[in-house]
Amino acid sequence: MSHDELLYEIRGTTGWITLNRPQARNALTFAMYEGLADICRTVPTDGSVKCLVVTGAGEKAFAAGTDMTQFRGFSTDQDALDYEHKMDVVLGAVEACPLPIIAALSGACTGGGAGIAAACDIRITTADLRFGFPIARTLGNCLSIANLSRLSGLMGPGRTKEIIFTARLLGAEEALSCGLVSEVVADHAALLARAGELATLLAGHAPITLATNKEALRRLRVEGAGANDRDLVVRAYMSEDFKEGMEAFLGKRKPEWKGR
């Protein structure tokens, strides 16, 4: 991967990840997927970075899926299985990142790009969003169960099945109405500004609260309501931050979170 294809910059306490192939509508190479996963796995948890924002270069696309040239060498069953496994590992790393991740979407957000967006925690978009998996009229492949699980958790199984079967793309207002995105903003400049505002807001909240609830929701999706949360409960309630939050609330002052 060219280092120019996936940009990572820390501004204040926010890590900004940019999918940077605007000439190809930010279509992802395998190396870009792996680079994204590496950032999510290795992001510092010492408080120096408090939130990540993922966006696409330019205004035309967040990411138009996997670069199709990556599929030309597929010839065996194992090629197909390895690809979907790779996607599950990458999207799993995004979902399991200990920091909250905001996906700032604009234009085309399809295939692997839509999968990345679904694995993030908060999605905001411009009005020109086109979200979906039009594989029934393009590639003729399928999605993994893990990928489908994230989508159906966000939109419901009925709408997930409908958009895949019809190969249509959701616009911004429909994405907002079904809960896929939380906000629609006027243009790309407003999108980046709002992503920065949200990142600042999250940076001021209790990091252990964000991390434990994020992980609990991940376990709920994967393991169901019987998932074990004992470690998460203990981590939160036995933290210095919980004691600080309680004393700050009783003392009618703003808490000072330390993340421990």
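The values are calculated or read from the model by the stated rules, or taken from the named source; none is laboratory data. On a predicted model such as this, the values are computed, not experimentally measured, just so you know. Cβ atoms come from the backbone with ideal geometry, glycine included; neighbour counts cover every protein chain shown.
Here is how the numbers come out for the structure above:
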| read-out | value |
| --- | --- |
| Odd one out for residue 8 among (1) in a strand (DSSP E or B); (2) within 16 Å of residue 105 (Cα to Cα) | (2) |
| Residue list for segment 142-162, filter: within 17 Å of residue 89 (Cβ to Cβ) and of a type in the set (A, V, I, L, M, F, W, C) | 143, 145, 146, 148 |
| Residue within segment 233-245 that is of a type in the set (A, V, I, L, M, F, W, C), on the phi < 0 side of the Ramachandran plot and in contact with an Asp or Glu (Cβ under 6 Å, 6 or more places away or on another chain) present | no |
| When residues of segment 85-116 are limited to those that are among the charged types (D, E, K, R) and surrounded by fewer than 17 Cβ atoms within 10 Å (Cβ to Cβ), the one farthest from residue 194 (Cα to Cα) | 86 |
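Quick grid of which residues meet (1) at pLDDT below 95; (2) of a type in the set (Ser, Thr, Tyr); (3) under 18 Å from residue 89 (Cα atoms):
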residue: 2; (1), (2), (3): yes, yes, no
residue: 16; (1), (2), (3): no, no, no
residue: 28; (1), (2), (3): yes, no, yes
residue: 35; (1), (2), (3): no, no, yes
